[in-house]
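Take a look at the structure below.
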Amino acid sequence: MRITSVRVAGADKTRRSFLHWVIEPQLTRAKSDSSTLSDVLYSTKSVARKLLETDLFHYVLPRLEGSKDVLAQPGDVDLILQTRQKGKYFLKTATELGNQEGSVSVHARARNAFGGAETVEGVLSSGLRTRLAGHVSLSKPIWNPDLRTRGELSVFGVEKDFTGFASCVEGVRGLRASIKTADRRALNEFAYEASLRHIHALTEGASISIREEAGTSVKSALSHSWTYESRDDKAVPSRGGYLRTFNELAGLGGDTTHVKHSTAFQLAHKLLSSTSISLSGRVGCLYPFASLSPASFSSSASIPRSRFNDRFQLGGPLDVRMFKQNGLGLRDGNDALGGEVFWCLGLSVIRDLPGLSKEARKGWKGNIKMHGFVNAGRLDLVDRDRPLSHTLQRLVSKPCISAGVGLLYRLDPGVRVEFNFGVPLVANKSDAVRRGVQVGIGVDFL
């Protein structure tokens, strides 16, 4: 018993070559002379499932009919797939909350733009800290018909308001190309980005350090990120883990040269039916160099300083709580200068409100929880006049520490709001602390 032909009804907006590319690998078991009914049924299910994974169809209904091919053998069948394609165009407006940012956006999308599962998207948004942002992208499945790998090309522009902590505004314009491979729990991405960056609109109180950073810079960088996700809930996990690594090499042209790495993790474990504990951490380093030549990495080579808009920032309700937003690290006046090395750790115990029944926990009251936390971390610039071991020793031996309690509320989808009361237990002279009540909203808490 074999499948001798496949017909897809209702897919008039999709190219035949793309359908063949997706379907053909699923028929291997059902096209040989030794295939059985079990092989045919398995291949039929595989074809239907794979077509649904393209996100082009509302439904795919397979059926088998006797083959009409004049060369067909007894028992050969044709596979007919009755489909209904999804709409091509999509437009929505939205109000979004996340990571201490509120914004309004317009999102337009064209699905299956050229008949091969291509997606053309455009987004325009404006928010409290991101004054204006927009991008247009084209993505499509590439390489392997398992549809797990997509290529994407985009152009973007963004205007970031840093006046809350650094007395300036940054404008970025650029293009980006990426290849993403996803499976059930992991996402792997390789990307290239070229951008023109502009530090401008300095306030009257801008420090000398920020004034020295004003102007334009060109960044050309390769990057790789890997993300693993097994948490049962991204906002308030009670079990599972999360790990993300990011590596960037800048210097393939332009005037920005550095190696940058960061890692973030979270582990969550349920202690009791209503109580869970989570441990989170982040670490990062930024190493600027003169060029990509081997000589620039030698100890005798002149090491340029890192740029303000490439450095890490730390502190605030999303990471080291009870410190002001981006309040850790060196400062010049009221401006946070950022850092080249950092680490932070957070331990949280989360519990349901006492006295709630099982039914109440399924409603909105179940999204309100109590938690206690201890956070620690430090952000620093590397001292070029001393051995690296001196910076690392200072980074570990003089952390900032805070502790407190509070209430958190889980908003769908995956957004968390915290109302905390706490105190900084240990702080450095340059750190900006926040005693008492602190409110945080975002999707990525420590």
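Run the numbers for Arg49 and Thr275: contour at 0.36 nm per residue of separation, minus the present Cα-Cα distance, in nm.
On the way: separation 226, 0.36 × 226 = 81.36 nm, distance 3.86 nm.
Net length gain for the segment: 77.5 nm.
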- request: Would you mind giving the three semi-axes, in whole Å and largest first, of the ellipsoid equivalent to region 202-277 according to its Cα gyration tensor?
  value: 39, 20, 8
- prompt: Going out from 0 in 10 Å bins, what whole percent of all Cα-Cα distances in region 321-361 drops into each bin?
  reply: 19, 31, 18, 16, 15, 1
- line: Volume per residue (Å³) of the convex hull spanned by the alpha carbons of region 98-257 is 150 Å³
- line: For Thr256, other-chain or 5+-apart residues with amide H closer than 5 Å (H placed, Pro excluded) are Val218, Ser220
field: Using θ = phi - 60° and Karplus 6.51 cos²θ - 1.76 cosθ + 1.60, couplings along region 73-88 (whole Hz; Gly, Pro as x)
entry: 9, x, x, 5, 9, 9, 9, 10, 10, 8, 10, 9, 6, 6, x, 7
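Kindly work out what percent of the DSSP beta bridges joining two residues of the chain are antiparallel, to the nearest 5. Working shown, then result.
Details: 176 of 182 bridges.
Of those bridges, close to 95 percent are antiparallel.
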- line: Note on region 18-147: C-alpha Rg/Rh, Kirkwood Rh, two decimals, gives 1.18
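Beyond 18 Å, how much of the Cα-Cα pair distribution for region 395-443 remains, as a whole percent? Write out the running numbers ahead of the final one.
On the way: 517 of 1176 pairs.
Considering region 395-443, 44 percent of its Cα-Cα pairs are separated by more than 18 Å.
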message: If each residue of separation counts as 0.36 nm, what is the full-extension length gain between Leu353 and Glu96 once their alpha-carbon separation is subtracted?
response: 89.8 nm
- prompt: To the nearest 500 deg cm²/dmol, what mean residue ellipticity at 222 nm is calculated for the chain from DSSP H runs of n ≥ 4 alone, each contributing -39,500 (n - 2.57), summed and divided by the residues?
  reply: -3000 deg cm²/dmol
statement: The base-10 log of I(q)/I(0) that the Debye equation returns for region 115-201 at q = 0.14, 0.16, 0.22, 0.23 Å⁻¹, one scatterer per C-alpha, is -0.62, -0.75, -1.04, -1.08
task: Sort 183-193, 411-421, 21-31, 322-332 for me by packing, meaning the mean count of neighbouring Cβ atoms within 10 Å per residue, highest on top.
output: 322-332, 21-31, 411-421, 183-193
Leu222 versus Ser32: modelled label distance in nm, points set 7 Å from Cα along the beta carbon direction: 4.0 nm
field: Inter-label distance for Arg15 and Ala191, nm, one decimal - labels placed 7 Å from Cα along Cα-to-Cβ
entry: 2.7 nm
- request: With 10 Å bins from zero, work out the P(r) of region 39-89 over every alpha carbon pair and list the percent per bin.
  value: 24, 43, 25, 8, 1
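Would you mind getting the Kirkwood hydrodynamic radius of region 325-420 from its Cα pairs, rounded to one decimal in Å? Let's see the in-between values first.
Details: mean 1/r = 0.0614 Å⁻¹.
For region 325-420, the Kirkwood estimate is 16.3 Å.
According to the Kirkwood expression over distinct Cα-Cα pairs, how big is the hydrodynamic radius of region 179-337, in Å?
Numbers: mean 1/r = 0.0540 Å⁻¹.
Computed over Cα pairs of region 179-337, the Kirkwood hydrodynamic radius comes out at 18.5 Å.
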query: Of Lys180/Lys219; Lys88/Lys260; Lys92/Lys365; Lys234/Lys358, which sit over 32 Å apart, Cα to Cα?
result: Lys88/Lys260
- line: Straight-line reach check, Lys13, cutoff 17 Å on alpha carbons, 8 or more apart in-chain or any other chain, hits among aspartates and glutamates -> Glu53, Asp55, Glu118
- request: Considering Cα pairs under 8 angstrom that are at least six residues apart, work out the relative contact order of region 1-108 and quote it in whole percent.
  value: 31 percent
- prompt: Put a dot 7 Å past each Cα toward the Cβ at Trp364 and Phe419; how far apart are the dots in nm?
  reply: 1.4 nm
- request: Match the structure shown to one of the listed values (i) -0.31, -0.54, -0.68, -1.32; (ii) -0.36, -0.62, -0.75, -1.37; (iii) -0.26, -0.47, -0.60, -1.50 of log10 I(q)/I(0) by the Debye sum over Cα atoms at q = 0.06, 0.08, 0.09, 0.14 Å⁻¹, computed from it, and give that label.
  value: (ii)
query: With r defined as the distance between the Cβ atoms of His261 and Leu61 and R0 fixed at 51 Å, what FRET efficiency is calculated, to the nearest 0.05?
result: 0.55
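Throughout, read-outs are computed from the coordinates displayed, never taken from laboratory work. Small disclaimer: the values here were computed from a predicted structure and weren't measured. Using ideal geometry, Cβ is built from the backbone for each residue, glycine included, and neighbour counts are taken over all protein chains shown.
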